[in-house]
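To start, the structure itself, in C-alpha cells.
The values are calculated or read from the model by the stated rules, or taken from the named source; none is laboratory data. This structure is a prediction, so every number in the text was calculated from the model and none was measured. Note that we place each Cβ from the backbone using ideal geometry, even for glycine, and neighbour counts take in every protein chain shown. We work out accessible area using only protein heavy atoms, side chains counted, and drop any ligands, DNA or RNA first. Shrake-Rupley method; radii C 1.70, N 1.55, O 1.52, S 1.80 Å.
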Amino acid sequence: QVQLVESGGNLVQAGGSLRLSCAASGRFFSINNVGWYRQAPGKQRELAAVITSGGSTNYADSVKGRFTISRDNAKNTVYLQMNSLKPEDTAVYYCLAEYKRTIVTPMARSWGQGTQVTVSS
C-alpha cells in the first residue's frame with residue numbers, strides 16, 4: 001500500500017505563497033494520477049488540481065492561474081505551488097494518489113492525512 005504524507009501547510013497573509021508537498025512511500029509498481037483536494041470548514045472536499053503520470057494537469061477554475069501542480073517521479077513526490085493566496089483558499093489540503101501495487105493488480109487509491117493552509121486577510 002502507498003502511504004502519502006503532505007507537508008508545507010502554514011499560516012500566510014493574503015497575496016502570499018506556499019508550496020505543498022505530497023511524498024509517497026511503500027511498495028508499489030506505479031503511481032498514476034495524483035490530485036490535490038481541499039476541504040474548508042463546513043464544506044465538501046473539492047478537487048483543486050490533478051496531474052497525470054504523463055504530466056498533464058488540470059485545475060479548478062477557482063485556482064487556475066494561481067496554483068501549479070508538478071511531480072518529481074524520482075522522489076515520488078507531487079507539489080502544489082500556491083501563489084496569490086486568498087482567504088477563501090483556507091482549507092485542509094489532501095493529496096490522493098491512484099496507484100498499482102503490482103503490474104497485475106487493479107488500480108487502488110490512497111489519501112494523505114492533510115495539511116492545514118490558513119490565509120489571513
Pull up the stretch 86-121, narrow it to residues that are assigned to a loop (DSSP other than H, G, I, E, B) and under 19 Å from ARG45 (Cβ atoms), then point me to the one that is most open to solvent (accessible area, probe 1.4 Å). GLN113
Hey, ASN76 touching a residue at least 12 places away in the same chain (Cβ under 8 Å), open to solvent by 50 Å² or more (accessible area, probe 1.4 Å), touching an Asp or Glu at 6+ places or on another chain (Cβ under 7 Å) and under 20 Å from THR115 (Cβ atoms) or not: no
Exactly one condition in (1) of a type in the set (A, V, I, L, M); (2) out of contact with any Asp or Glu (no Cβ under 7 Å at 6 or more places or on another chain); (3) open to solvent by less than 20 Å² (accessible area, probe 1.4 Å) is not met by LEU20; state its number. (2)
Residues of the stretch 64-73 being under 26 Å from LYS43 (Cβ atoms) and surrounded by 15 or more Cβ atoms within 10 Å (Cβ to Cβ), which ones? ARG66, PHE67, THR68, ILE69
Would you pick out the residues in the stretch 65-90 that are more than 12 Å from the chain's Cα centre (by Cα) and of a type in the set (A, V, I, L, M)? ALA74, LEU85
How many residues, within the stretch 28-58, are open to solvent by 50 Å² or more (accessible area, probe 1.4 Å) and in a strand (DSSP E or B)? 6
